[in-house]
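The values are calculated or read from the model by the stated rules, or taken from the named source; none is laboratory data. As the structure is a computational prediction, the values presented were derived from the model and not from experiment. Because the Cβ atoms are built from the backbone with ideal geometry, glycine has one as well, and the counts that use them run over all protein chains shown.
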Amino acid sequence: MYIKNKALSVVYKLILLGLTIYGVAITLVQYGAGESLRCFTIISNVLAGAATLYLLVERLVAWGHRGGPKRLSSYLRGMAMLSISVTCIVFNVMLAPQLEEPLGFESWVLHLMVPVGFVLDWLLFAPKGTFRFPHVAVWILPALVYEVLILAIGPWTDFYPYPFMDVPEIGG
């Protein structure tokens, strides 16, 4: 499905960007930048927000012009969509069932609303056929780099943001 209405696409992206900024800002204020920025949730939401902003500006600049999808848009959208989807799936499948306290609204924004909203943006407003299998090598970079960095600095900082990454706890 592809909705070509540019005004609707712009409004949708503005709402998605606002939700992303809200969720990230509240989390940074509540937990501090040091701890928050070590969580893939924040990194993937910042990436999704940056991609949304880029796609929004691209849409506004191209207003009234006919132009095909740009390679950077495809790479950035794919990278952000993969990262934010990993956030949504890991949280809802692995982490949420273990929580003892109800989540705040900002957590629902970061773990469910932004991921679903970002994928819906692609489903509804992006021309299809721009993703190519070789692009996956670029899309997985944020998750791979994150994993390597957390596992490399974890022993020195004694901080593992997620229980399934806590090497001393699970053995390794």
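Looking only at residues of the range 132-170 that are over 27 Å from Ser73 (Cβ atoms) and hydroxyl-bearing (Ser, Thr, Tyr), we find that the one that is modelled with the highest pLDDT is Tyr162. Tell me, yes or no, whether the range 6-19 has at least one residue that is closer than 19 Å to Val119 by Cα, part of a helix (DSSP H, G or I) and among the charged types (D, E, K, R). Taking every residue of the range 6-19 in turn, at least one turns out to be closer than 19 Å to Val119 by Cα, part of a helix (DSSP H, G or I) and among the charged types (D, E, K, R). Of the residues making up the range 37-61, those that are surrounded by 18 or more Cβ atoms within 10 Å (Cβ to Cβ) and hydroxyl-bearing (Ser, Thr, Tyr) are Thr41, Ser44, Thr52.
Give the residues of the range 115-136 that are crowded, with 17+ Cβ neighbours inside 10 Å, over 16 Å from the mean Cα position of the chain (by Cα) and not in a loop (DSSP other than H, G, I, E, B), sorted by residue number. Selection gives Phe125, His135. Going through the range 86-105 one residue at a time, which ones are within 14 Å of the chain's Cα centre (by Cα) and either of a type outside the set (S, T, N, Q) or more than 18 Å from Pro161 (Cβ to Cβ) (or both)? Correct list: Val86, Cys88, Ile89, Val90, Phe91. The single condition among (1) acidic (Asp, Glu); (2) under 28 Å from Leu14 (Cα atoms); (3) modelled with pLDDT under 90 that Asp121 does not satisfy is (3). So is Ala143 of a type in the set (Gly, Ala, Ser), under 30 Å from Phe159 (Cβ atoms) and surrounded by 15 or more Cβ atoms within 10 Å (Cβ to Cβ) or not? Against the criterion (of a type in the set (Gly, Ala, Ser), under 30 Å from Phe159 (Cβ atoms) and surrounded by 15 or more Cβ atoms within 10 Å (Cβ to Cβ)), Ala143 qualifies. Of all the numbered requirements in (1) surrounded by 15 or more Cβ atoms within 10 Å (Cβ to Cβ); (2) assigned to a loop (DSSP other than H, G, I, E, B); (3) of a type in the set (Val, Ile, Thr), Ile3 misses one, and that requirement is (1).
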